[in-house]
Amino acid sequence: MHATRIAKIERILAITADVEDDAANEKAELLLDKEMVRHRLWLANSAKIQFDFKAKAEVKIP
């Protein structure tokens with residue numbers, strides 16, 4: 001999903017660069033930044049969940 005979003009935004013950036021549409025280019029760059037932040041947060045939460053799962057798995061119940 002992340003790769004698809006990035007590919008679409010990069011395509012928009014390429015088109016706006018050819019057309020020299022500064023407003024659309026700035027908006028696409030903003031969308032790219034937002035997507036990267038969203039993805040980094042997802043990765044951080046995913047790693048935390050995996051770590052918690054591993055920690056719980058290592059706890060031995062007497």
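The values are calculated or read from the model by the stated rules, or taken from the named source; none is laboratory data. Remember, predicted model here, so these are calculated numbers, not experimental data. Backbone-built Cβ (ideal geometry, glycine too); neighbour counts: all protein chains shown.
Quick notes on this one:
- Any hit, segment 11-30, residues being part of a helix (DSSP H, G or I), touching a His at 6+ places or on another chain (Cβ under 9 Å), modelled with pLDDT of 95 or more and not polar (S, T, N, Q): no
- Boolean, residue 40 is at pLDDT 95 or above, part of a helix (DSSP H, G or I) and loosely packed, with under 12 Cβ neighbours inside 10 Å: no
- Some residue of segment 53-62 being under 18 Å from the mean Cα position of the chain (by Cα) and either modelled with pLDDT under 95 or surrounded by 11 or more Cβ atoms within 10 Å (Cβ to Cβ) (or both): no
- If you filter segment 1-27 down to residues that are of a type outside the set (A, V, I, L, M, F, W, C) and touching a residue at least 12 places away in the same chain (Cβ under 8 Å), you find that the one that is farthest from residue 38 (Cα to Cα) is 16.
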